[in-house]
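Reading through the structure tokens given below for one structure.
Each value in this text was obtained by applying a stated rule to the coordinates, not by laboratory testing. Nothing here was measured: the structure is a model prediction, and the numbers come from that model. Please note: Cβ atoms are built from the backbone with ideal geometry, for glycine as well, and neighbour counts cover all protein chains shown.
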Amino acid sequence: MVTCLERRKILLVPLDPVHDIGLKMIRRGLDKAGHKTLLLPPDLPSEEIISMMSKEQPDQVLISRTLGYGVAELLARFADLADAAGLRDKMGLVIGGMAIRPELAAELGFDAGFGPGTSVEEVVAYVEGRPYQRDANKVKKTKADLTANYTYQYRHNAIGELLDRIADGILGWVQGKTSPAIQRSRLRDNLWDIEQWRLGNINKDFTEAYSALCDPIAEAYYRSGEVHPKTRQLRAEEIERLEAYLTDTKSRMEPAKVQHWEEGQPKVFIQYGTGCPFMDIAHIKLSEAWGADGVVHFDPSWGARTEGFIGDFLTHQEDGSVITPENLSWTKAGLEEYTLWQVRAHRGLNTPETVVLAGKLGADLTKINIAYGSLAAGTDPARLTVDGVESIKMAAKYNLPFDVVTNEELAGVPAHKAFAGMLIVAALGRKLGGRPILQPLFCYSPEVMISGQMEQNYIDFNAAKIKALRKIMDAPIWPGAPIGFLTQTEDRVQSSMTTSLHAALAASLRVDAISIASSDEAYSGGPIVAASRLDTLTAVKEGFRFFGEGRVEATSMADRWADEMVQNIEKVLKDVADAPSFVDALYNGILGSKEEGAYPGRGGRDTIQVE
Amino acid sequence: MKVIGIAGTAKNTGKTTTTAALLQEGYRRHRKMAITSIGYDGEELDNVTGLPKPRLWLEKGTIVATARKCLALSSADIQVLEDSSIKTALGTIVIGKVATEGLVVIAGPNKAFELVRVKKLLEKYKPNLLFVDGALNRMAPMIETDGLILATGAARQIDPALLALETSEISTAFRLPLAYFSKLGNQPGFVYWQDNHWHVKPLAQNLLITSAEGEELAELVSSNLKEGTKGYINLPGLVTTKAIDKFLEKTADQIKGWSIHFRDPVSLLLSSSPREVGQMIEMIQEKGLKAKVRRKIPLLAVTVNPFFPEYDAGAQLYRSRFLPKGLLESRMYKLPLPVFDVKRKGALYLWRKSIGF
């Protein structure tokens, strides 16, 4: 509150015929700060305003007017009238409104100009003659820790005991077993020095030992520099342009937020993987500018079926951006410091090494799921169990929380079976000092198509999933991936709408994060368009704005299904615990059968070695 | 230092083109020049239409008065000589000297009293000429110049006949004779008359805007007025035709032969549209009164620009359009001052017609 000596008299003049909301907001701010304000009715003739200014002798005159052709001349004439009336050395003249910038204010003969996005505080500071600390009021963004508030305590004792028993069983089973992936991952962990690599120093010991553990495609790279046939190296001029693009874009970046209620609404992740790292970076920058909190790296499916990583800064002619140290490193360089970055390890023959690379290159999160990887992503269950345990250990070592996604739901595995698998991996994580994040799908899965749980609405069954998981474990939840999967169509408005509604539901359930698709992701048939990312980010932002701390309410069905789900999960876990081993359970369909669409994978079969 | 203002009747009437031509000719003649503007000028794209705009090219040694934030936007290197501490929306105005030639963006003082301060500061560096580039249709600060070039054209009025008429009214205001008057301290407005004695009455208000104010003035003047008195009225800086009309309606018969002193042609032109100002001057004369100005600014030349931006509603953008060459000039050739299209006649012609030597 200002003192009587600092009190200013401000005349507020809406020159627009109707729009004076902005001025009213400013008036409220000025009044609150203790200044004397006078708001004129809208649309007065200039001469009358000048007359008022002369009579009232305010310190500042704030005029609001939306700009259009001819309006500039009108405002300039107004400034002239004030000048001719001898008022310009007695009071300040300020213009605000759409399309107003300082340059325009100078041109029109005003002392200052405030455009869209101006805060009331900024105007008050100006009126009081204080420098305005834009930074203090700018959106502040820090990297969120999704796992910070969770204890990982079991809330369902019987299920907790089963999970512990199964996890112990798995740890016993993998004892003394190793795989080429584990060996590569340990080489990468021990011998690959990131600082030396950045300096361009090749460690021959690492390269020789590493290439011996690779498939012919990866081996060829280390032997002769040959890259994967569907990829090519980025050219020098492309890299130069990328650098120029990054320099320019990063200098203009301002943090933005999707959430309206910061503490209660989930962090929003987008997924990138156009194949071209340059395009990925551009998509990331756009998404950041529109408020995305995190980005998820999608690699091509062949990357999961090939033993070993190649190197170089590579672009890929199909979907999915190749994981190489260079590609990841460039992507990292493109990120704002507050953006969460997830590199997925979860499913293939390079799972543990992906975690090591992600950790060394500064990722914040990874993704691991043994059950999904072996039942719906083509990797041999035994191999992925051995690799999975190593991956979780590496994730703990590199301090990377990891989500456990139940993508096998998309193949037709019922949620309770997929969740049993997810919880087993989470239990392993808990035991090994990792920080798992549960990632149930928010989707229109084959299970609900057949059984009809979403005939009434999309709310109840999705809500039931979150409620069920919360009954079992105190762990962070990050529905995905992406939310609303299989409810989107080729219609961008429809896709944005359904994404927004699923996000609002997720927010109502107070989950920690969500992954969203672009509005053309489901039907793009190729690379997606950057604008379509903004569609869904904007739609989600609107949804968050609309609901705020309010909630989408589920019907009583949600609770009933949640209870059923918990019972079914317990049953499945009992069967897994009673099976000779977790790996046997995977082979035998306990966590998803062939009839349900789950097929134990064959990638990496018979590659387990005795340590 | 001679101060030449380049004022426009609207956006896109050719102020910067005229200024650029003057500079070009001045450089050819090796004149030491200074430049400022009463707004923001030299941007690449129009702030409203988004269409490309001409920019100012300055050679080494030119003295510039511009807002600090514009220095970085200019390709010319400008050595800052001093800071005027005059605040603008783009930082304080600095006085600088062009160290290496290039394009500049100029945002100078946008009020009359600030232009006075800038002129004083610039005087120290002894330029022969100071050009004051206008902004939009802004005129008020131009009262501080020694001569004015008016830029008008199709962007102001697309009908050549109407534009010619308006330009003629404007030039009438500039041709009003200079008034001789006594000073009354700092009082801008007063009535001065003589019957057997001299009488002075200060005006109550320093603005004359509403017809009610015109009526008040009429009462002030006509009360106690004997027949056959002679006198004059010094009007305040800002008057409107509406107020003057009312005033004359009440008093014209009593004050025949008096002079009405407007402050200057620029503020006179602000009282209403040029058309109405012209009609008001005509009426003053018809009623047997004399319209004069207390301060005269020569109108040196009128430049006409055939360009106009046309809004394309379908594409939601402005497109550049031009009236046929020479159309505007031929309409105005009878005006008692040079009227021409700078792009057609060239920089030398402009210089000769407006500066002369």
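Quick check for the stretch A:9-137: number of Lys pairs with alpha-carbon distance under 21 Å, counting only pairs 8 or more apart or on different chains?
For the stretch A:9-137, the number of qualifying lysine pairs is 10.
In debye, nearest 20, what is the charge dipole magnitude of the stretch B:1-127 about its Cα centre with +1 on Lys and Arg Cβ and -1 on Asp and Glu Cβ, if you could check? The partial results should precede the final answer.
Numbers: 20 positive and 12 negative charges, 99 e Å.
Dipole size: approximately 480 debye.
Against the globular-protein guess of 2.2 N^0.38 Å, express the Cα radius of gyration of the stretch A:9-137 as a ratio, rounded to two decimals. List each step's numbers first, then the result.
On the way: Rg = 13.4 Å, N = 129, 2.2 N^0.38 = 13.9 Å.
For the stretch A:9-137, the normalised Cα radius of gyration is 0.96.
Note down the relative contact order for the stretch A:118-231 as a percent, whole number, built from C-alpha pairs under 8 angstrom at least six residues apart. Can you show the working numbers first?
On the way: 36 pairs, mean separation 14.2, N = 114.
Worked out over the stretch A:118-231, it gives 12 percent.
So for chain A, averaging the separation of alpha carbon pairs under 8 Å that are six or more residues apart and normalising by length, what relative contact order in percent results?
14
Lys pairs in the stretch B:190-293, Cα-Cα under 13 Å, at least 8 apart or on separate chains: how many? Could you put the intermediate results ahead of the total?
Numbers: B:Lys226/B:Lys256; B:Lys230/B:Lys256; B:Lys230/B:Lys290; B:Lys242/B:Lys250; B:Lys250/B:Lys287; B:Lys256/B:Lys287; B:Lys256/B:Lys290.
Qualifying lysine pairs in the stretch B:190-293: 7.
What's the extension gain from B:Phe181 to B:Ser320 if we count 0.36 nm per residue and subtract their Cα-Cα distance? Could the numbers behind the result be given before it?
Working: separation 139, 0.36 × 139 = 50.04 nm, distance 4.88 nm.
That works out to 45.2 nm of additional length.
Could you line up B:Leu45, A:Leu163 from fewest to most neighbouring Cβ atoms inside 10 Å?
Ordered by Cβ neighbours within 10 Å, fewest first: B:Leu45, A:Leu163.
Among residues other than B:Thr9 whose Cβ falls under 10 Å from its Cβ, what is the net charge (Lys/Arg +1, Asp/Glu -1)?
Cβ neighbours under 10 Å give a net charge of +1.
Rounding to the nearest 20 debye, state how big the charge dipole of the stretch A:171-569 is about its Cα centre with +1 on each Lys and Arg Cβ and -1 on each Asp and Glu Cβ. Please list the in-between numbers first.
On the way: 40 positive and 51 negative charges, 181 e Å.
Dipole about the Cα centre, nearest 20: 860 debye.
Starting from the 7 Å offset along Cα-to-Cβ, what nm value, one decimal, do you get for the label separation of B:Asp159 and A:Arg28?
With each label point 7 Å from Cα toward Cβ, the separation is 4.7 nm.
Give, rounded to the nearest 20 debye, the magnitude of the charge dipole that the protein assembly as shown has about its Cα centre when Lys and Arg contribute +1 at Cβ and Asp and Glu contribute -1 at Cβ. Walk me through the intermediate numbers first.
Values: 116 positive and 118 negative charges, 922 e Å.
Taking the Cα centre of the protein assembly as shown as origin, the dipole is about 4440 debye.
Using the alpha carbons of the protein assembly as shown, what is the convex hull volume per residue in cubic angstrom, as a whole number? Numbers along the way, then the final one.
Values: hull volume 200.5 nm³, N = 968.
Here the figure is 207 Å³ per residue.
With an 8 Å Cα cut-off and a minimum separation of 6 or more residues, compute the relative contact order for the stretch A:183-300 in percent.
On the way: 85 pairs, mean separation 21.4, N = 118.
Here the relative contact order equals 18 percent.
If a paramagnetic tag sat 7 Å from the Cα of A:Gln567 along the Cα-Cβ line, which residues of the stretch A:405-441 would have the backbone N under 19 Å from that point?
Label zone hits: A:414-420.
Taking the Cα atoms of the stretch B:190-293, report the difference between the largest and smallest coordinate on each principal axis, in whole Å and largest first.
Projected onto its principal axes, the Cα set of the stretch B:190-293 covers 39, 27, 21 Å.
Please give, to one decimal in nm, the separation of the simple spin-label points placed at A:Arg252 and B:Tyr349, each 7 Å out from Cα toward the Cβ.
With each label placed 7 Å out from Cα toward Cβ, I get 4.2 nm.
Based on the Cβ-Cβ distance from B:Gln254 to A:Leu38, what FRET efficiency comes out when R0 is 35 Å, to the nearest 0.05?
Values: r = 39 Å, r/R0 = 1.12.
In this case the efficiency is close to 0.35.
What is the distance in Å between the Cα centres of the stretch B:134-213 and the stretch A:228-248?
Answer, in whole Å: 64.
Can you tell me the length gained on complete extension of the stretch B:Glu282 to B:Leu45, counting 0.36 nm per residue apart and subtracting the Cα distance? Show your work: numbers first, answer last.
Details: separation 237, 0.36 × 237 = 85.32 nm, distance 4.10 nm.
Here the answer is 81.2 nm.
Within a 10 angstrom radius of the beta carbon, how do A:Met53, A:Met454, A:Met253, A:Met394 rank from fewest other beta carbons to most?
Numbers: A:Met53 22, A:Met454 18, A:Met253 11, A:Met394 30.
Ranked by crowding around the Cβ, least crowded first: A:Met253, A:Met454, A:Met53, A:Met394.
Work out the charge dipole of the stretch A:171-569 with +1 on the Cβ of Lys and Arg and -1 on the Cβ of Asp and Glu about the Cα centre, then indicate which of A:Asn568, A:Phe485, A:Met449 is farthest towards its positive end.
About the Cα centre, the residue reaching furthest to the positive side is A:Asn568.
Select from B:Gly278, B:His261, B:Gln205 the residue farthest towards the positive end of the dipole of the stretch B:195-316; place +1 on Cβ of Lys and Arg, -1 on Cβ of Asp and Glu, and compute about the Cα centre.
Working it through, the farthest residue towards the positive pole turns out to be B:His261.
With a cap of 14 neighbouring Cβ atoms within 10 Å, and only residues DSSP puts in a loop, list the trypsin sites (Lys or Arg not before Pro) found in the stretch A:56-110.
Working: sites: A:Arg65, A:Arg77, A:Arg88, A:Lys90; in loops: A:Arg65, A:Arg88, A:Lys90.
Sparse-neighbourhood loop trypsin sites (Lys or Arg not before Pro): A:Lys90.
Just tell me how shielded B:105-113 is by partners: mean number of partner chain Cβ atoms within 10 Å of each residue's Cβ, no decimals. Please report the intermediate quantities before stating the final value.
Details: counts 1, 1, 5, 1, 2, 13, 11, 6, 4.
That works out to 5 on average.
Output the pairs from A:Lys393/A:Lys571; B:Lys126/B:Lys296; B:Lys69/B:Lys111; B:Lys32/B:Lys119; B:Lys15/B:Lys124; A:Lys140/A:Lys541 with a Cα-Cα distance over 21 Å in this structure; if there are none, say none.
Working: A:Lys393/A:Lys571 28 Å; B:Lys126/B:Lys296 24 Å; B:Lys69/B:Lys111 18 Å; B:Lys32/B:Lys119 15 Å; B:Lys15/B:Lys124 26 Å; A:Lys140/A:Lys541 17 Å.
Pairs exceeding the cut-off: A:Lys393/A:Lys571; B:Lys126/B:Lys296; B:Lys15/B:Lys124.
Under the definition of partner shielding as Cβ atoms of other protein chains within 10 Å of a residue Cβ, what is the mean value for peptide B:63-69? Walk me through the intermediate numbers first.
Values: counts 0, 0, 0, 0, 3, 0, 3.
Across B:63-69, the average partner-chain Cβ count within 10 Å equals 1.
Based on alpha-carbon atoms only, what is the radius of gyration of the stretch A:171-569 relative to the globular estimate 2.2 N^0.38 Å? Please report the intermediate quantities before stating the final value.
On the way: Rg = 20.7 Å, N = 399, 2.2 N^0.38 = 21.4 Å.
So the stretch A:171-569 has a normalised radius of gyration of 0.96.
Per the helix-only calculation at 222 nm, which mean residue ellipticity applies to chain B, given -39500 (n - 2.57) for every DSSP H run of n ≥ 4 and division by its residues, nearest 500 deg cm²/dmol?
Working: 10 runs with 104 residues, N = 357.
So the calculated ellipticity at 222 nm is -8500 deg cm²/dmol.
Could you work out, residue by residue across B:137-147, how many beta carbons of other chains sit within 10 Å of that residue's beta carbon, and then give the average as an integer? Don't skip to the answer; put the middle values down first.
Working: counts 7, 11, 5, 11, 6, 1, 2, 0, 0, 0, 0.
Counting Cβ atoms of other protein chains within 10 Å of each residue's Cβ and averaging gives 4.
Note down the nm distance, to one decimal, between modelled labels 7 Å out along Cα→Cβ at A:Tyr132 and at A:Arg605.
About 6.8 nm, to one decimal.
What is the gain in length, in nm to one decimal, between A:Asn157 and A:Glu240 on full extension, counting 0.36 nm per residue of separation less the C-alpha to C-alpha distance? Provide the component values of the computation, followed by the final result.
Numbers: separation 83, 0.36 × 83 = 29.88 nm, distance 5.78 nm.
24.1 nm is the gain from fully extending A:Asn157 to A:Glu240.
Rounded to the nearest 500, what is the 222 nm mean residue ellipticity of chain A from helices alone, with -39500 (n - 2.57) per DSSP H run of 4+ residues and division by all residues? It would help to have the intermediate numbers written out before the result.
On the way: 26 runs with 291 residues, N = 611.
It comes out at -14500 deg cm²/dmol, rounded to the nearest 500.
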